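Throughout, read-outs are computed from the coordinates displayed, never taken from laboratory work. Remember, predicted model here, so these are calculated numbers, not experimental data. Virtual Cβ from ideal backbone geometry, glycine too; neighbours counted across all protein chains shown.
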There are 2 protein chains.
Amino acid sequence: MDNKLMLMIPGPTPVPEPVLLAMAKHPIGHRSGEFSQIMAEVTAGLKWLHQTQHDVLVLASSGTGAMEAGMINFLSAGDRVLVGSNGKFGDRWAKVAQAYGLQVDTITAEWGKALDPEEFRTRLDADTSRSIKAVVVTHSETSTGVLNDLKTISGYVRSHGALMLVDAVTSLGAAHVPMDEWGLDMVASGSQKGFMLPPGLGFVAVSAKAWEAYKTATLPKFYLDLGKYKKAADQNSNPFTPPVTLFYGLQVALSMMQTEGLEAIVARHHRQMTATRAAMRALNLPLFAADAAASPAITAVAPAGVDAEKIRSVMKKRYDILLAGGQDHLKGQIFRVGHLGFVGDRDILTAVGSLEATLKELGFDGFTPGAGISAAAEVLAA
Amino acid sequence: MDNKLMLMIPGPTPVPEPVLLAMAKHPIGHRSGEFSQIMAEVTAGLKWLHQTQHDVLVLASSGTGAMEAGMINFLSAGDRVLVGSNGKFGDRWAKVAQAYGLQVDTITAEWGKALDPEEFRTRLDADTSRSIKAVVVTHSETSTGVLNDLKTISGYVRSHGALMLVDAVTSLGAAHVPMDEWGLDMVASGSQKGFMLPPGLGFVAVSAKAWEAYKTATLPKFYLDLGKYKKAADQNSNPFTPPVTLFYGLQVALSMMQTEGLEAIVARHHRQMTATRAAMRALNLPLFAADAAASPAITAVAPAGVDAEKIRSVMKKRYDILLAGGQDHLKGQIFRVGHLGFVGDRDILTAVGSLEATLKELGFDGFTPGAGISAAAEVLAA
């Protein structure tokens, strides 16, 4: 049905009506006092969300642009970095590092499994010369629905002394990412995820320790030079013309998030993850990630006896629900349900109910009709 | 008056209501067939606007990000580039080149004057070893309202064989920028200018000759790697999550531009420039750029006997019209009237009428009341 699409992909995520309408307002001048006030307000909101006293900068970019900025600003050619990789995005950060001539060591885990923090400890302990300058970890691996144990890993990194650089693109706003408490040096994210906004803004939070590294870092940069953003942000301004209307939306979205409260937001994502996973289990659809490593933002499902792409196709055509497919070698093997950002408990029931009808249409008889909804309802009603 | 602001700065420029409303629509998935259709349509529209058969790529970035991408993708460290600089943006491209370790030669002109094409010819003729790999020129210098003679310069560059890299940020959509006819190898621009959109999208058009240079260019890049954008664009897709709602706006804006027609758009900007300049002359407010070098997008005025910043302040407070000030050493010396993008002839009369009232309020008696409107009307009514 036209104009009826419901997004349940890990991004773009649903956008609340007040945010959409705010973005339909006419732009103002980005060098005006009025825009400086918006900058001041959203900066305060971003610090709240990141649980930090440090800088949080806003770029016109995708999450990848933000993450690249968060890597290249603190390193020099030939520097050694340790990249955790258990999915498409971990792989991508290794490629970014290679593109800039960094020496890249990796710690990998099979797609669908979490990175083992003890491997980080071992590798960092062995680096007695402290040649590893930075460790890069993807908190929530969007491609597989796995949440890595960032807290434990960052503890080891802190002991070692390297910079802890974090892709929090699909964890921020879904899970706690307490930047200061965990000692994270850089946290990158994008607007089309937990922020409840369309794509177009990238966020980079930077610790004092990272700014120290910035002083001697020599990788070339200009548009992605975070020093320029900090200098401007200190005046509630921007080095380059910012996406003014997306800032309007950000202002409203952060205000909505603050009204809901961080604990409530995290609890909501956890509850919806639990309900979604309970439903998949009840429908005999195998979960791709183990419970202990499940992302509160995305549930990946590896159906047996029914084609993942056919499920996605019927869900879209008949029920106007967009699910994500598998990426790279997981194409056709899994589907992914996003429950990230502006998602109500009702949406989970909607998705599960539609999935049951889809399975019926596809002739999959490996489940008891109603079992998915029943399992989800039990979690949500608890 | 709240919510009454009229933008007459060189960006962000006014956004038509159908574009604003299109951007308030809910995002769709950027990997969907529906989004591919939008990509195909806007790509065709962008080629039309650039008058090119070559690729036009869309980035989530400001104009600076687009321009940086358009420089670094075709060059390697140590390459020699010749940068024309007669304003803030020309200066900026020299800084970008330096940040990447390029050897930068410059041809300068005083701010407010056009670059002399003959200096380019001389410098290129002298380069018998063909060591200059690229020439960078800002077509319309936003900081001063000067239009450089890109056609003549690009002819000399073509004879030499270097790449012709162009900042068309405030010329595209205001003046003809016939990429193929003039042999331009890269044309960069941004959404918040002639495109009648809010900021957030950067555009980079790339010639076949530039793609040849791309193959051997080694400056590091990932988010700004145009090869990734081309590979995806060839499939009507994007390498990174695109700003979906800004694409909705782009689709509508390009359609509006095609309905108006390129000749009509260029004629409108020329007429409004001429009317604005005639009004300033009639009000005895000295123009900062000579007629022969005037940008159709921005008119810079260097008032004598009345303070430029006071004019801007009264125009904003009393008449809700935002004018731009001078940048860098021109701060306080000039004000700039943007007549770029979604500007009707009525807007010019509005601005001139308000300027007359402002001058009166400031006690400036060096003009005949009504003379500005009379001069503008004469041009517009012709």
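I want to verify a result. In a Gaussian network model of chain A, Cα cutoff 10 Å, which of these has the top mean-square fluctuation: A:Leu124, A:Leu219, A:Leu21?
Answer for the Gaussian network model of chain A: A:Leu21.
Would you look at the GNM of chain B, springs on alpha carbons closer than 10 Å, and say which of B:Ser171, B:Ser62, B:Ser189 moves the most?
Among B:Ser171, B:Ser62, B:Ser189, the largest mean-square fluctuation in the Gaussian network model of chain B belongs to B:Ser62.
Run the simple label-point estimate for B:Thr218 and B:Asp291 please: 7 Å along Cα→C-beta, distance reported in nm.
5.3 nm
What is the order of A:Lys221, A:Lys95, A:Lys4, A:Lys316, fewest Cβ neighbours within 10 Å to most?
Going from sparsest to densest Cβ surroundings: A:Lys4, A:Lys95, A:Lys316, A:Lys221.
Mind giving me the nanometre distance, one decimal, between the label points for A:Asp125 and B:Thr259, set 7 Å out from Cα along Cα→Cβ?
Between A:Asp125 and B:Thr259, the simple spin-label model gives 6.9 nm.
Obtain the radius of gyration and the Kirkwood radius of the stretch B:120-240 from its C-alpha atoms and give Rg over Rh.
0.98
Springs between alpha-carbon atoms under 10 Å, Gaussian network over chain A: tell me which of A:Val177, A:Val169, A:Val244 tops the mean-square fluctuations.
A:Val244
Sorted from shortest, what are the nm distances separating the label point of B:Gly161 from equivalent points in the other copies, each placed 7 Å from Cα along Cα to C-beta?
Distances to the matching label points in the other copies: 5.2 nm.
Could you tell me which helices of chain A pass both thresholds, a Cα extent of 18 Å or more along their own axis and a mean Kyte-Doolittle hydropathy of at least -0.5, with helices taken as whole DSSP H runs?
Those that pass (Cα extent of 18 Å or more, hydropathy at least -0.5) are A:33-50, A:244-260, A:262-282, A:345-361.
Among the listed pairs A:Lys193/A:Lys317; A:Lys228/B:Lys88; A:Lys215/B:Lys209; A:Lys193/B:Lys230, which are separated by more than 27 Å between their Cα atoms?
Violating the 27 Å Cα-Cα cut-off are A:Lys215/B:Lys209.
Determine the relative contact order of the stretch B:17-259: mean sequence separation of Cα pairs under 8 Å and six or more apart, normalised by residue count, in whole percent.
31 percent
Give the shape of the protein assembly as shown as rounded, prolate or oblate, defined through the alpha-carbon gyration tensor: a ≥ b ≥ c are the square roots of its eigenvalues, a/c under 1.5 means rounded, and otherwise the shape is prolate if a/b is larger than b/c and oblate if not.
It is prolate, given that a/c is not under 1.5 and a/b is the larger ratio.
Any chance you could tell me what percent of the C-alpha pair distances in the stretch A:17-259 go past 27 Å?
31 percent
Dipole magnitude of the protein assembly as shown about its Cα centre, charges +1 at Lys/Arg Cβ and -1 at Asp/Glu Cβ only, in debye to the nearest 20?
80 debye
Once you have all Cα-Cα distances for the stretch B:325-365, histogram them in 5 Å bins from zero and send the whole-percent values.
All Cα pairs considered, the percentages come to 6, 19, 18, 22, 21, 13, 1.
In whole Hz, with x marking every Gly and Pro, tabulate ³J(HN,Hα) for the stretch B:81-86 from phi via Karplus 6.51 cos²θ - 1.76 cosθ + 1.60, θ = phi - 60°.
With coefficients 6.51, -1.76 and 1.60, one gets 10, 10, 10, x, 9, 9 Hz.
Return the Rg/Rh ratio of the stretch B:109-175 with Cα-based radii and a Kirkwood Rh.
0.99
Per residue of the stretch A:104-114, in order, report the coupling 6.51 cos²θ - 1.76 cosθ + 1.60 (Karplus, θ = phi - 60°) as ³J(HN,Hα) in whole Hz, putting x for Gly and Pro.
Residue by residue, the stretch A:104-114 yields 10, 9, 10, 10, 10, 9, 4, 4, x, 10, 7 Hz.
Between A:Arg346 and A:Asn3, what is the label-point separation in nm under the 7 Å Cα-to-beta-carbon projection?
My value for the distance between the label points is 1.9 nm.
Test of the criteria: in the stretch A:51-120, which GluC sites (Glu not before Pro) are in a DSSP loop and have at most 12 other Cβ atoms within 10 angstrom of their Cβ?
Counting only loop positions with at most 12 other Cβ atoms within 10 Å, the GluC sites (Glu not before Pro) in the stretch A:51-120 are A:Glu110.
Loop only by DSSP, 16 or fewer other Cβ within 10 Å of the Cβ. Give me the trypsin sites (Lys or Arg not before Pro) in the stretch B:330-374 that pass, ordered by residue number.
B:Lys331
Just the projected area, averaged over all directions, of the convex hull on the alpha carbon atoms of the stretch A:149-189: how many nm²?
The number I arrive at for the stretch A:149-189 is 2.6 nm².
Rounded to whole Å and sorted largest first, list the principal axis extents of the Cα atoms in the stretch A:272-364.
Principal-axis extents of the stretch A:272-364 (Cα, largest first): 30, 30, 23 Å.
Restricting to bridges with both residues inside the stretch B:17-259, how much of the DSSP beta-bridge set is antiparallel, in percent to the nearest 5?
40 percent
What is the sum of charges around B:Gln258, taking Lys and Arg as +1, Asp and Glu as -1, for the other residues whose C-beta is under 14 Å from the C-beta of B:Gln258?
Residues close to B:Gln258 contribute a combined charge of -2.
Need the list of aspartates and glutamates near A:Lys316 for cross-linking: C-alpha distance under 14 angstrom, and skip anything on the same chain fewer than eight residues off.
A:Asp2, A:Glu356, A:Glu361, B:Glu34
Give me Rg over Rh for the stretch B:1-155, both radii from the alpha carbons and Rh done the Kirkwood way, two decimal places.
Ratio of gyration radius to Kirkwood radius: 1.04.
Distances from B:Glu17 to the same residue in each other copy, label points 7 Å out along Cα→Cβ, in nm, shortest first?
Label point to label point, same position, other copies: 2.1 nm.
Which distances in nm, rounded to one decimal and ordered from shortest, link the label point of A:Thr368 to the equivalent label points in the other identical copies, with labels set 7 Å from Cα toward Cβ?
9.5
Please work out, to two decimal places, the log10 of the ratio I(q)/I(0) at q = 0.20, 0.32 Å⁻¹ from a Debye calculation in which every Cα of the stretch B:57-106 carries one identical scatterer.
-0.65, -1.26
Under a cut-off of 22 Å between alpha-carbon atoms, report the lysines in cross-link reach of A:Lys310, not counting same-chain residues fewer than 8 places apart.
Cross-link targets: A:Lys4, A:Lys331, A:Lys360.
Suppose R0 equals 45 Å; then what is the FRET efficiency for B:Asp328 and A:Ser159 from their Cβ-Cβ distance, rounded to the nearest 0.05?
Computed FRET efficiency for B:Asp328 and A:Ser159: 0.45.
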